[in-house]
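First up is the structure itself, then whatever we jot down about it.
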Amino acid sequence: MTITEEINHDIVQKKPFYRSVPFQIAVAAGVSFTAPGMWDALGGLGAGGAAEPYAVSAANAILYALFAVFCVLAGAINNRIGLKYGLAIGAIGYPLYGAGLYTNNKTATTWFMIFGSVCCGISAGFFWSAEAAIIIGYPSPKERGFYLACWQTAKASGPIIGGAITLGLNANRQTAGSVGSATYIVFIVLMCLGLPIALLLSPANKVWRKDGTRVVVRKESSLWTELQAVAKLAASRRIVLLVPAFFISYFYNPFVSTWLTSYFTVRSRAFSSFFTPFAGIASSFIIGTFLDRQSIHIRSRAKIAFLGIVLLLVGTWIWAIVLERRFQKNPPVYDWFKGGFGAAYGVTFFLTFTGQAFQQYLYWIVGQYTSDLSSLSHHTGILRGLEALGQTVAWAMQSQANVNHFVSIGINFGILLLCIIPTWIVISALDRTHEIVVTDEVLEGEDGSKDKSDELPSGAQTPTLA
């Protein structure tokens, strides 16, 4: 061990575990499990477990419209209030959303479901902007793929456990319709745990990585200048080119929800809620491992991963077109593991498999263009805001009775093809051999002065972006 390694080892050893990167990721993952994880579990039932998807789809359209606006704003606001409080605010709306679905299931009351969607749309903007910045910014650059996969796993574990609960409560329901109301109670209780878990997060300037380096934090002087920085970034050439990819990355989700509700029994939907998240876990670790592979040039990693994602998505949408042509003549209602179930369910499985990989890939791409946590918050706010805008349109499309699945498939397919060339231009501009290695950062205090107590041993250099 060299002298420098010994110094860095001693620095890390003196810091408590609750200030370490793994603990921070565990906190973020815990909130992800209890809040959006349980939300995804409900979504995995198709239409939030309701008998008819249209009112729920309309509520979700409202949710994502607010989400799209507040996610972009939250990227600036979270830098002022701190990511811990941004994460905590983000956890508040999810149990209200679950309660809204419960009342709609129990008494067909739609106003409270709309209210819950509004609250969740606002708070989710804070949540996703904060959490994405934590997952990308807290780990060292060479570990981002791995920690992104861990985060996606925690997020997927919510639907897995929630799906297991749902499956146990609804296993005997062999017909179409709504799930039992007890299902929602369990989810709401779990969603309420997100807020106290979020408050365990450490401020970025107190977090130490295993190599002894610090998280880079540079705040703007005011909220107004933060908002100006977000606006400038949103108008930049790179972000404009990535708009189609951001917009389409989660566009498939509402289609999957309506697909399940239209063609599967309640217990088949419960099975999907339980099993489908494993697809996201598998793809997260596959792509995360590949994107962290330092033996491959960074531009080559970016191009190979993107081509793989596009080819899988194209194949799955073609598969969906073939099946929908059959279903138009004689709409089925598939029970689990009975004739035709596997082929129809495969659309849901592979859209989730590839869709999760695509979202993780976009986070990784964003992380290649900045090492500053504040800038990452701006980037992720825009990314999630545009994803939410896409889902707003997608959920609105699913909110009408007798929705035409061919329209949804065609729009998904078309925007996917549209995003290929602009995204290729962005990833072709990656001219570094490997990720930026952050070896030293002097953090700025609230008043703009240097915090001498946070400095590392001399001799290292501040990283620069290629």
- Item | Peptides ranked, highest mean first, by Cβ atoms within 10 Å: ranges 69-80, 194-205, 302-313 | 69-80, 194-205, 302-313
- Message: Which entries of K15/K142; K84/K155; K210/K232 have Cα-Cα distances beyond 25 Å here?
- Response: K210/K232
- Message: If I stretch the segment between Y18 and K106 completely, what's the gain in nm (0.36 nm per residue apart, minus their alpha carbon distance), one decimal?
- Response: 27.5 nm
- Note on the structure: Here the gain from full extension of I304 to S428, 0.36 nm per residue of separation minus their alpha-carbon distance, amounts to 43.5 nm
- Note on the structure: Sorted by chain and number, the residues with a modelled amide H under 5 Å from that of V216, at a separation of 5 or more or across chains, are L373
- Message: If I model a spin label as a point 7 Å beyond the Cα along the Cα-Cβ vector, how far apart are those points for L311 and R325 in nm?
- Response: 2.4
- Each residue of the range 264-271 in turn: what ³J(HN,Hα) in whole Hz from Karplus with 6.51, -1.76, 1.60 and θ = phi - 60°, glycine and Pro shown as x? 9, 6, 4, 6, 5, 5, 5, 4
- Task: Report, by chain and number, residues whose modeled amide H sits under 5 Å from the one on F264, excluding near sequence neighbours (fewer than 5 apart, same chain).
- Result: Y334
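Only the coordinates and a few stated rules stand behind these numbers; no lab work does. The structure presented is a predicted model; accordingly, all values stated were derived computationally and were not measured. Glycine gets a Cβ as well: all are built from the backbone with ideal geometry, and neighbour counts include every protein chain shown.
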